[in-house]
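Quick notes on the structure that follows.
The values are calculated or read from the model by the stated rules, or taken from the named source; none is laboratory data. Values in this document were obtained by computation on a predicted structure and should not be read as measured data. Note: ideal-geometry Cβ built from the backbone for every residue, glycine included; neighbour counts use all protein chains shown. Side chains included, ligands, DNA and RNA excluded: accessible areas come from the protein's heavy atoms. Shrake-Rupley method; radii C 1.70, N 1.55, O 1.52, S 1.80 Å.
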Amino acid sequence: MKLLPKSGVAGFIKELSKTREVVAPVSDGESYAVFKSVAPGETPIIDGSRFILSPRSWFMPGYEVLFETKDGEIVDKTPETKAYATIGLYLADAHALEVFDRVFLDGDKPDPYYNARRADNAIFALVPAKKRWSVFWGMTGNVCDWKKACDVVMYDLGSEFVMEPMTDRGAELTKSLADADDSKKAAADALLARYDEGEVDVKAIGERLMWDNPKWEEVSRKCVACGVCTYGCPSCSCFDMRDDLKCGGAERYRCLDSCQHADFTLMGSGYNPRPGRMPRTRQRLLHKFKYQPEQFGMIGCVGCGRCVELCPVGIDIRKIVGGKETK
Amino acid sequence: MNPYKPMLAKIEKITVETPDTKTFKVVFTDPEDAANFDYKPGQFQQVSVFGVGECTFCLTSSPTMKGYIEFSAKKVGVVTSALHEAEEGDIIGIRAPLGNHFPTDEWKGKNLLFAGGGIGMAPMRSVLNYCLAHKEDYGKITVIYGSRTPADLSYKYEYDEWRKGADVYLTVDAGDDSWTGRVGHVPGYLKELAPSSENTVAVTCGPPIMIKFVLQELKALGFEDENIYTTLEMKMKCGIGKCGRCNIGSKFVCVDGPVFNYKEIADLPQEF
């Protein structure tokens, strides 16, 4: 393990940016921090002190042109694969990328747009010094396992980060830093332990969240179908594909979409298989806690807590999953 | 390979099937695309009208028809309206083949019963023509096809060809002056004809209400769930199991479907 004093973060990033494009949370000028490529001289926020929007906005932008048509030809707009380093995402966000990998990279038709940003991206994930009120990582998985999703785990010990390399690439990128002593290592382990909630019983959750549970009506009653739970989510991957006319041709772009919206499943005939807020709320929960575990053995929620904080009517996914509202 | 990038194709022929449905015969403009293209009955495609959008259609042609593909579009929304305005010679985009297919190899040696309604004949036409072209592999082939009116029956120009290898029974909900055939619904006709379920596979596609009653009749005739096939329809965008729309339980209709038998369907959450 290595040590990075907070006073050295700017220098570390400057050094890193010599070989990699650095992506990190930067203030949006108000209360949020947003993931973007860090411009020279820009100071990223890597301490969990602000509400950091999900890195999904960078890995899967809210608007991305897939191709254009020009003079009767299709011009592929897949971005070039570059060397990136993503710093300051939460450990849960790094795990969310593992969920994304299953969705976007598995199978015989991998997604080239996501892959271009993911293929050579060193992940420096943060374990914040203070656990936010909304965070429930440990309810959705084994947080120690999530370290494998990172190149380097950064434990925030207040005035410094303990940097734990998890890969050869991570070791290479942190080799110039000073070594951490045993007391720092113990402090890092103790910090992560605060997020751990023991064994997660996926099967029990699945049984509690039965499709025909009569409680779904009650659970979804408050929902105003704004979709912010899905837009804030680091592991929600649903998208729409649309066309626009351009001068001399057309473009097809991908944009975020949400299973919470009525037209997500509305068919041309006028028939909608998920016609109200109840089936749509149920779909969001079951997709993450039952269908994705069945599909690839991983809960699709990472317990980051953003949906809990962003929901305008206070729907708390923890109460639903934990059984307080579904038993 | 970019799975979101369509192949360019030229509309070679447009056939007006019914007052609201047209069949488009298209050929790939790139000879390499044309040479590499192969599919199985039941698979589907995403059709692009550039600048308007993309829409999902089954491949209604059969893999035994070489050199072109066909799809039938009922005019219901934005992309299908644009398609209905298209002319022969226009260039569109095709992403195909997508999804699974009817297990025609498993069906070898069995009798086949097709019960379709309206535009539901589009996916069944592909597998029907495929099986007719390989008639020696299958037993008795029976087709029961119905629509609201005689004008709503699709693929009329093929019925004589079908009759060479199959028993074809047509019915309409309401006849007109020229209609001398049967008047009535498909499930009722199925009950009346009472085909044997012995060594027989049934395929049914059509409006949900028709399917519901066809299923009842098939069960009454002794068909087992695993011997009844259909194609499920859900809204789709990506067609490759990523955009999330056609998710039912742990399945994606675009990857695990669109072809399912009723044993598989019984295991899904009933929201489709």
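Given R0 = 25 Å, the distance between the Cβ atoms of A:H261 and A:E325 translates into a calculated FRET efficiency of 0.65. Rolling a 1.4 Å probe over the protein heavy atoms gives the stretch A:94-223 an accessible area of 45 Å² per residue. Which residue fluctuates most in the GNM of chain B (Cα springs below 10 Å): B:D105, B:D152, B:D177? It is B:D177. Given a 1.4 Å probe and the protein chains as shown, B:T80 ends up with an accessible area of around 10 Å². The distance separating the Cα centre of the stretch B:197-252 from that of the stretch A:52-113 comes to 34 Å.
For chain B, the relative contact order comes to 18 percent (Cα pairs under 8 Å, sequence separation of at least 6). One Cα centroid belongs to the stretch B:61-78, the other to the stretch A:206-259; the line between them spans 30 Å. Per atom type, the protein assembly as shown shows carbon and sulfur on 51% of its accessible surface, probed at 1.4 Å.
Taking Cβ atoms as reference points and 15 Å as the exclusive limit, the residues near B:G109 contribute a net charge of -1, counting Lys and Arg as +1 and Asp and Glu as -1. Per-residue ellipticity at 222 nm from helix content only, as computed over the protein assembly as shown with -39500 (n - 2.57) for each DSSP H run of at least four residues, stands at -7000 deg cm²/dmol. Available extension along the chain between A:A171 and A:K82 is 30.1 nm, counting 0.36 nm per residue and deducting the alpha carbon span. Sparsely packed loop sites in the stretch B:11-101 (the trypsin sites (Lys or Arg not before Pro) outside DSSP H, G, I, E and B with at most 13 other Cβ atoms within 10 Å) comprise B:K66. Taking a Cβ cut-off of under 13 Å around A:R252, the surrounding Lys, Arg, Asp and Glu residues balance to a net charge of 0, with basic ones at +1 and acidic ones at -1. Of the residues A:S235, A:S269, ranked by 1.4 Å probe accessible area with the largest first, the sequence reads A:S269, A:S235.
Taking 19 Å as the limit for the C-alpha separation, the pairs B:K66/B:K156; A:K14/A:K82; A:K82/A:K148; B:K13/B:K66; B:K135/B:K219 exceed it in the case of B:K66/B:K156; A:K82/A:K148; B:K135/B:K219.
Pairing chains B and A buries close to 3200 square angstrom of accessible surface in total, based on protein heavy atoms and a 1.4 angstrom probe. The value of relative contact order for the stretch A:13-169, using C-alpha pairs under 8 Å at least six residues apart, is 20 percent. Take the Cβ atoms of B:E192 and B:K156, set R0 to 22 Å, and the FRET efficiency comes out at 0.45. For the stretch A:242-266, heavy-atom accessible area (probe 1.4 Å) falls by no less than 40 Å² from the chain alone to the full protein assembly at A:D243, A:R252, A:F264.
By a 1.4 Å probe calculation restricted to protein chains, A:S183 has an accessible surface near 80 Å², given to the nearest 10. Taking 4.7 Å between beta carbons as the limit, the unpaired Cys residues of chain B are B:C55, B:C58, B:C131, B:C205, B:C246, B:C254. No disulfide-compatible partner, judged by a Cβ distance under 4.7 Å, exists for the following cysteines of chain A: A:C144, A:C150, A:C223, A:C226, A:C238, A:C247, A:C255, A:C259, A:C301, A:C304, A:C311. Of the residues making up the stretch B:215-237, those losing 50 Å² or more of accessible area when the isolated chain is joined by the remaining protein chains, with a 1.4 Å probe, are B:K235, B:K237. Ligands, DNA and RNA are left out, and with a 1.4 angstrom probe the accessible area of the stretch B:111-231 is 43 Å² per residue. First select every other residue whose beta carbon is under 13 angstrom from the beta carbon of B:E17; then total the charges, Lys and Arg +1, Asp and Glu -1. Net of charged neighbours comes to +3. Under the combined filter of DSSP loop state and at most 16 neighbouring Cβ atoms within 10 Å, the stretch A:169-245 retains these GluC sites (Glu not before Pro): A:E197, A:E199. Once the partner protein chains are put back, the stretch B:1-43 shows a loss of at least 10 square angstrom of accessible area, versus the chain by itself, at B:M1, B:N2, B:P3, B:Y4, B:K5, B:P6, B:L8 (probe 1.4 Å, ligands and nucleic acids excluded). Taking every C-alpha pair closer than 8 Å and separated by at least 6 residues, the mean separation divided by the residue count of the stretch B:7-98 gives a relative contact order of 38 percent. Taking label positions 7 Å along the Cα-Cβ direction at both A:S27 and B:E87, the computed distance is 6.0 nm, reported to one decimal. Would the stretch B:3-152 count as rounded, prolate or oblate if I go by the C-alpha gyration tensor, calling it rounded below 1.5 in a/c and otherwise prolate when a/b exceeds b/c, oblate otherwise? Oblate, because a/c is 1.5 or more while a/b does not exceed b/c. Within the assembled protein chains, the solvent-accessible surface assigned to B:E85 is about 130 Å², based on a 1.4 Å probe. Rounded to the nearest 20 debye, the dipole size of the stretch A:143-255 about its Cα centre is 520 debye, using +1 on the Cβ of Lys and Arg and -1 on the Cβ of Asp and Glu.
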